[in-house]
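Structure first, commentary second.
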Amino acid sequence: MEEMQQHNMSWIEVQFLKKAVDVLCQCRTVLMYTYVFAFYLRKNNQSIMFEDNQKDLENATECLSEYLERDISADSLVDIKQKVQDKYRYCESRVNVLLQHVHEGYEKDFWEYIELL
């Protein structure tokens, strides 16, 4: 962000990057724990839906990460800013959907776990 400010971009113009990185970290943390959760789930319709939601979050997270890895110049700032903002908002919504599904599963008791020896 500081490097971008040195290239005639204002502080406010680059604040979307901080938000995007924060969302990216949140997504990676949620995924880290949901991989373990999914490992112990017995296969049923709910676990398949959970893994589909998880896969969607994983794909969106990787896409956001790719956007953030790109070189951003003053010329491409408007285009990349819109893409990054759209993607981090989508990632936030997918995190919420995934976590709501976990909570709903606990409330309605539809999580079944495998037993390891």
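The values are calculated or read from the model by the stated rules, or taken from the named source; none is laboratory data. Because the structure is predicted, anything quoted here is derived from the model rather than measured. All Cβ positions, even for glycine, are placed from backbone atoms using ideal geometry, and neighbour counts span all protein chains on display. The protein model used for the area step is the full one, side chains on, heavy atoms only, and it has no ligands, DNA or RNA in it. Shrake-Rupley method; radii C 1.70, N 1.55, O 1.52, S 1.80 Å.
What the table below lists for this structure:
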| quantity | calculated |
| --- | --- |
| Which numbered condition GLU69 misses (of (1) open to solvent by 100 Å² or more (accessible area, probe 1.4 Å); (2) touching a helix residue (DSSP H, G or I) at 6+ places or on another chain (Cβ under 9 Å)) | (2) |
| Residue count for the stretch 40-52, restricted to those that are open to solvent by 80 Å² or more (accessible area, probe 1.4 Å) and of a type outside the set (Lys, Arg) | 5 |
| Condition broken by ASP71, with the remaining ones in (1) touching a residue at least 24 places away in the same chain (Cβ under 8 Å); (2) outside any helix (DSSP H, G or I); (3) not hydroxyl-bearing (Ser, Thr, Tyr) satisfied | (1) |
| Single condition TYR106 does not satisfy, out of (1) open to solvent by 80 Å² or more (accessible area, probe 1.4 Å); (2) at pLDDT below 95 | (2) |
| Any chance VAL95 is β-branched (Val, Ile, Thr), within 30 Å of LEU116 (Cα to Cα) and within 10 Å of the chain's Cα centre (by Cα) | yes |
| Pairs, first at negative phi and assigned to a loop (DSSP other than H, G, I, E, B) in the stretch 105-117, second small (Gly, Ala, Ser) and modelled with pLDDT of 95 or more, C-beta under 7 Å, six or more apart | TRP111/GLY105 |
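A quick yes/no check of all residues on (1) open to solvent by 70 Å² or more (accessible area, probe 1.4 Å); (2) more than 21 Å from ALA38 (Cβ to Cβ); (3) at pLDDT 95 or above; (4) not acidic (Asp, Glu):
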position	(1), (2), (3), (4)
GLN54	no, no, yes, yes
THR61	no, no, yes, yes
ASP75	yes, yes, no, no
ASP79	yes, yes, no, no
LYS83	yes, yes, no, yes
SER93	no, no, yes, yes
VAL97	no, no, yes, yes
VAL102	no, no, yes, yes
TRP111	no, no, yes, yes
